[in-house]
There are 2 protein chains.
Amino acid sequence: MKLIQIYQCLCDETRLRILHLLLRGPLCVCHIQKILGESQVNISRHLSYLKERGMVEAERHQNWMIYRLPAKCSPELEANLKCLQDCCTTEAVFRGDLAKLQKVVSIREVREVLEQVCCGAPVLGKAKSLCR
Amino acid sequence: MKLIQIYQCLCDETRLRILHLLLRGPLCVCHIQKILGESQVNISRHLSYLKERGMVEAERHQNWMIYRLPAKCSPELEANLKCLQDCCTTEAVFRGDLAKLQKVVSIREVREVLEQVCCGAPVLGKAKSLCR
DNA sequence: GACGAATATACGTCTATACGTATATTGACG
DNA sequence: CGTCAATATACGTATAGACGTATATTCGTC
């Protein structure tokens, strides 16, 4: 992956906020949507953009698409994600997103699903809807 | 300076190459132009873009405009420039630019002017043209 | 003051992309 | 199979920005 493509992914605020969230762990589309307060199409399109360029990976679990940062990042991507992590602490938008993220992850069903995803285990929970 | 603006500056290849060169020290427009092999207008416009957003500073010395990275960078900018520095070593374009930069800086008149600029000293050289 | 070198700006065109609305797809479940 | 939830895609519009051509500006020199 070329360096310029990394920056092209980072140069939009919505994508920046998405990646910032994914630094904390995998998330499903509907939660990203809720946290950012953007429309479903918009989030989905930006995620597609990121996926096409190898900035994120997606995996379907039942009805939900779980997005995450790639398991294996190039050194360039790794360096930039680390840099992003450091830089995001100062701006209010990102802190706000993190606060909302905590709320979402504190929901038991959500946490269960995401934990299973993280471990690569099949999702066994029987929650019908993750989105409230 | 907002983080997103930094990335917007970095997301164009020409600007990325310019900033990469400026990491090595101040340069005048005509040399950036020669090194990148781009038209004068194009380089000038990208430099304006960068200057408007505080990514570079410019100072006139006689006929030449010397561009450089800001004396005082925000922590975010600093972090990203450092990251850029690290990431640029792998791609051929940047290595090629560096090679051409060595040639330019090896010209005595150029080196003299740039050194005086670096020290904040008035430019005393009497070279008529820095561009060959 | 005319001229040349270095640089910047104006203006027009073209392309990428951001986003809204509508519609399609995919999976679970009764 | 119909329906719903979650997600993706198609299509149209608007805007940022990349770039070329022409022209202006700024400075030094004769």
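None of the figures in this text is laboratory data; all of them are computed from the coordinates on show. Predicted model only: the values in this text are computed from it and were never measured. Cβ atoms come from the backbone with ideal geometry, glycine included; neighbour counts cover every protein chain shown.
Observations
- Criterion violated by A:Leu101 - all others in (1) under 22 Å from B:Leu84 (Cα atoms); (2) in contact (Cβ under 8 Å) with a residue 12 or more places away in the chain satisfied: (1)
Quick grid of which residues meet (1) more than 11 Å from the chain's Cα centre (by Cα); (2) among the hydroxyl-bearing types (Ser, Thr, Tyr); (3) more than 16 Å from A:Leu114 (Cα to Cα); (4) within 9 Å of DNA strand D (Cβ to nearest atom):
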residue	(1), (2), (3), (4)
A:Leu3	yes, no, yes, no
A:Leu10	yes, no, yes, no
A:Leu19	no, no, yes, no
A:Arg24	no, no, no, no
A:Gly37	yes, no, yes, no
A:Asn42	yes, no, yes, yes
A:Leu47	no, no, yes, yes
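- Candidates are the residues of the range B:44-58 that are near DNA strand C (Cβ under 7 Å from one of its atoms) and touching a helix residue (DSSP H, G or I) at 6+ places or on another chain (Cβ under 8 Å); the one that is farthest from the other protein chains (Cβ to nearest Cβ) is B:Ala58.
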